[in-house]
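Enquirer: I have a structure I would like to understand better, so I am pasting it below and will then ask my questions one at a time.
Every number here is computed from the coordinates shown, using simple stated rules; none is lab data. These numbers were taken from a predicted model, which means no experiment stands behind them. Note that each Cβ is placed from the backbone with ideal geometry, even for glycine, and that neighbours are counted across all protein chains shown.
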Amino acid sequence: MNTPLLVTGGTGTIGRRVIPLLRAAGRDVRIASRNPRADEPGIQHVRVDTVSGDGLAAALGGVDVVLHLAGGAKGDDIAARNLAQAARECGVQHLILISVVGADRMPIGYFRAKAAAEQAIADSGVPWSILRAAQLHEFVLPIIRGMAKLPLLPAPGGLRFEPVHADEVAARLADLALGDPAGRVADVAGPEILDARQLAQAYADINGGRIRRPLPVRIPGGVGRAYRAGENLAGAHADRGARTWQDFLHESHTDPATAAKVTG
Ligand SMILES: NC(=O)c1ccc[n+]([C@@H]2O[C@H](COP(=O)([O-])OP(=O)(O)OC[C@H]3O[C@@H](n4cnc5c(N)ncnc54)[C@H](OP(=O)(O)O)[C@@H]3O)[C@@H](O)[C@H]2O)c1
């Protein structure tokens, strides 16, 4: 095994797309998650809980680059602090974090935790890169599938996404992991900004069904204000992927492995 590159969350939606890219570039990888899989040539799995810190120090042994993709609804700030400290102590040379577009602007716990995670990495003393990504198609899908069944939708402009293809995020992360520390790089987002009605309409067009004239609802409070102001959107300087929401829906619809998930 050559010096392994540690990928936390390498079994997740994004992580499992990054691994083959790193392998194709000739890197051996060590994947850290709470549910390790069977090893394969060039791929070692280790049990780590980034939030409790269990297994972290051992996973970092002999590692020079860490791609931190593990994340969940809660605890991403704590996990990043644990990783930052352990990486510094283990002499890691490059620490890469995936964050979310709008991390420092959206008044939602998940975003706040991502902003704190960014700070922990930037303060770690380890050379770093941070990529903020927009919501993946896979993340937007269940939200829109649920909304497509309701007689209510956020008012036009009330809730917009710029969903991005997981392969395109993975490619960007692999480039970062194989390159030099770059600090905060341009956000990555999808090619189009679509509101809830447009997303739901495209979903209905491809999967059958129709959107009845939904009643527009206004998302209340600070969260509603932030969405209406587009604080979750990447803006003019983002790197934009090429694969659209419609492309993704078509792909998922024609791929028997994912069709059940899309229409279920
Ligand atoms: N999905 C999106 O739209 C989106 C957008 C922007 C940024 N991001 C960020 O990108 C990262 C990856 O997202 P994803 O969609 O690929 O997530 P995912 O499919 O839910 O995968 C999460 C991965 O992290 C691991 N994990 C979760 N908690 C862990 C813990 N405490 N310790 C160790 N491993 C843990 C999971 O494995 P186990 O469960 O086996 O531990 C899994 O491998 C996350 O940080 C997410 O916040 C996601």
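Enquirer: How would D180, D104 line up from fewest to most surrounding beta-carbon atoms within 10 angstrom?
Expert: Ordered from fewest to most neighbouring Cβ atoms within 10 Å, D180, D104 come out as D180, D104.
Enquirer: Hey, another quick one. Spin-label point model (7 Å from Cα, Cβ direction): what's the D247 to A73 distance in nm?
Expert: It is 3.1 nm.
Enquirer: Can you give the percent of C-alpha pairs in region 79-141 whose distance is more than 20 Å?
Expert: 30 percent
Enquirer: Residue separation times 0.36 nm, minus the C-alpha to C-alpha distance between R105 and L178: what's the value?
Expert: Length gained between R105 and L178: 23.3 nm.
Enquirer: Okay, which of region 162-206 sit inside 11 Å, backbone N to the point 7 Å along the Cα-Cβ direction of T13?
Expert: Answer for region 162-206: 163-167.
Enquirer: Right, something else. Expressed as a rounded percentage, what relative contact order does the chain have, with Cα pairs under 8 Å and six or more residues apart?
Expert: 17 percent
Enquirer: Follow-up. So what is the calculated 222 nm ellipticity per residue for the chain, using -39500 (n - 2.57) for each DSSP H run with n of 4 or more, over all residues, to the nearest 500 deg cm²/dmol?
Expert: Result for the chain: -12000 deg cm²/dmol, rounded to the nearest 500.
Enquirer: Could you list T254, T8, T13 in order of exposure, starting from the residue whose Cβ has the fewest other Cβ atoms within 10 Å?
Expert: Taking fewest neighbouring Cβ atoms as first place, the list is T254, T13, T8.
Enquirer: Name the residues whose placed amide hydrogens come within less than 5 Å of the amide hydrogen of S129, ignoring near sequence neighbours (fewer than 5 apart) on the same chain.
Expert: Hits under the 5 Å cutoff: L95, I96, L97, A182, G183.
Enquirer: Quick query: amide H of V100 versus all other amide H atoms, modeled in the peptide plane; which residues come in under 5 Å with a sequence gap of 5 or more or a different chain?
Expert: Amide H neighbours of V100, under 5 Å, 5+ apart: A133.
Enquirer: Arrange K114, K74 by Cβ neighbour counts within 10 Å, fewest through most, would you?
Expert: Starting with the residue having the fewest Cβ neighbours, the order is K74, K114.
Enquirer: Now a separate question. So, in Å, what gap is there between the alpha-carbon centers of region 131-166 and region 34-64?
Expert: 33 Å
Enquirer: Could you go through region 66-72 in sequence order and give the Karplus-derived ³J(HN,Hα) for each residue, using 6.51 cos²θ - 1.76 cosθ + 1.60 with θ = phi - 60°, rounded to whole Hz, and x for Gly and Pro?
Expert: Those phi angles translate into 10, 9, 9, 10, 4, x, x Hz.
Enquirer: Next up: Region 152-252: which trypsin sites (Lys or Arg not before Pro) are DSSP loop and have at most 15 other beta-carbon atoms within 10 angstrom?
Expert: R210, R212, R218
Enquirer: How high is the relative contact order of region 1-105, in percent, with contacts defined as C-alpha pairs under 8 Å that are six or more residues apart?
Expert: 27 percent
Enquirer: Going by a ≥ b ≥ c, the root eigenvalues of the Cα gyration tensor, does region 136-264 fall in the rounded group (a/c under 1.5), the prolate group (a/b larger than b/c) or the oblate group?
Expert: Oblate.
Enquirer: Sticking with this structure for a sec: May I ask for log10 I(q)/I(0) of the chain at q = 0.09 Å⁻¹, from a Debye sum over the Cα atoms as equal point scatterers with solvent left out?
Expert: -0.43
Enquirer: If I take every Cα pair under 8 Å that is 6 or more residues apart in region 107-250, average their sequence separation and divide by the length, what percent do I get for the relative contact order?
Expert: Relative contact order, region 107-250: 35 percent.
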